1. Check off (1) surrounded by 15 or more Cβ atoms within 10 Å (Cβ to Cβ); (2) more than 16 Å from ALA28 (Cβ to Cβ) for VAL89 and give me the number that stays unchecked.
2. Of all residues in segment 39-70 being of a type in the set (S, T, N, Q) and within 11 Å of the chain's Cα centre (by Cα), which is surrounded by the most Cβ atoms within 10 Å (Cβ to Cβ)?
3. For segment 71-107, give me the residue count where each residue is among the small types (Gly, Ala, Ser), within 12 Å of the chain's Cα centre (by Cα) and more than 23 Å from ARG6 (Cα to Cα).
4. Specify the residue that is surrounded by the fewest Cβ atoms within 10 Å (Cβ to Cβ); the eligible residues are those in segment 73-86 that are in contact with a Leu (Cβ under 9 Å, 6 or more places away or on another chain) and among the hydrophobic types (A, V, I, L, M, F, W, C).
5. Just need a number here: residues in segment 99-111 that are part of a strand (DSSP E or B) and crowded, with 17+ Cβ neighbours inside 10 Å.
6. Only one of ASP42, ASP59 is in contact (Cβ under 8 Å) with a residue 60 or more places away in the chain and not aliphatic (A, V, I, L, M). Can you tell me which?
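Computed from the coordinates by the stated procedures, all read-outs in this text should not be read as laboratory data. Worth saying up front: this structure is predicted, and the values here are computed from it rather than measured. Note that each Cβ is placed from the backbone with ideal geometry, even for glycine, and that neighbours are counted across all protein chains shown.
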Amino acid sequence: MSDSVRLISIAKLEANSVVRVDVDGRPAVAVFRLENDFYVTDDLCTHGNASLSDGEIVDGEVECPFHGGSFDIRTGAACKYPCTSALTVYPAQVEEGWVCAALHHGSRITD
């Protein structure tokens with residue numbers, strides 16, 4: 001991806017983990033590793049002012065640490081109330097050992 005941004009070395013992400021990454025000029029993103037697949041979403045919960053990188057990962061979903069709602073990490077879909085609006089998910093790939101994402105090309109599932 002020519003317009004992708006290097007976010008974090010894959011060596012810093014254990015399987016089934018999430019890390020918050022601050023990017024100059026934009027809100028933070030959450031970088032997830034599910035086994036050997038990588039996903040990038042907005043870090044802020046769409047329901048409240050919570051950092052999803054502080055949440056727990058269970059069965060491919062991240063649980064918001066404030067209210068217990070959850071999102072599908074792969075698609076951004078809201079899965080559990082009180083979360084009802086999807087997260088923005090960004091195209092991600094590994095380049096030279098780094099998770100990179102096209103942060104100008106995010107998509108969100110509409111309800």
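1. The failed condition is (2).
2. Out of the qualifying residues, it is THR41.
3. Counting residues in segment 71-107 that are among the small types (Gly, Ala, Ser), within 12 Å of the chain's Cα centre (by Cα) and more than 23 Å from ARG6 (Cα to Cα) gives 2.
4. Here is the first cut: in segment 73-86, the residues in contact with a Leu (Cβ under 9 Å, 6 or more places away or on another chain) are 73-78.
Still in the running and among the hydrophobic types (A, V, I, L, M, F, W, C): 73, 77-78.
Numbers: ILE73: 26, ALA77: 18, ALA78: 23.
Within segment 73-86, the match that is surrounded by the fewest Cβ atoms within 10 Å (Cβ to Cβ) is ALA77.
5. Of all residues in segment 99-111, those part of a strand (DSSP E or B) come to 99-101, 107.
Right, trim to crowded, with 17+ Cβ neighbours inside 10 Å and you get 99-101.
Summing the residues that are part of a strand (DSSP E or B) and crowded, with 17+ Cβ neighbours inside 10 Å in segment 99-111 gives 3.
6. ASP42
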